[in-house]
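The structure under discussion appears below in the form of structure tokens.
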Ligand SMILES: [Zn+2]
């Protein structure tokens, strides 16, 4: 059962039309606080290109 941190999600919403940097930032924070879903492949690829 994935661990869903509802409180964190209420506090940190993904901005509408978030650009890739915002998505990366959100997913990095998300991974530290919640694991309801994995980081999407596209975001992972972008992170790799940026040297994360
Ligand atoms: Zn989550």
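Every number in this text was worked out from the coordinates using simple rules, so none of it is lab data. Bear in mind the structure is a predicted one, so any value in this text is a computation, not a measurement.
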Check your understanding: Angle, helix 20-33 long axis vs. longest principal axis of the chain, Cα atoms, 0 to 90°, nearest 10?
Key -> 40 degrees
**Study point:** Taking all pairs of distinct alpha-carbon atoms in the chain, Kirkwood radius in angstrom
**Key:** 11.5 Å
Study note, to complete from the structure: Reduced to Cα centres, the span from the range 1-27 to the range 28-52 in Å works out to 10 Å
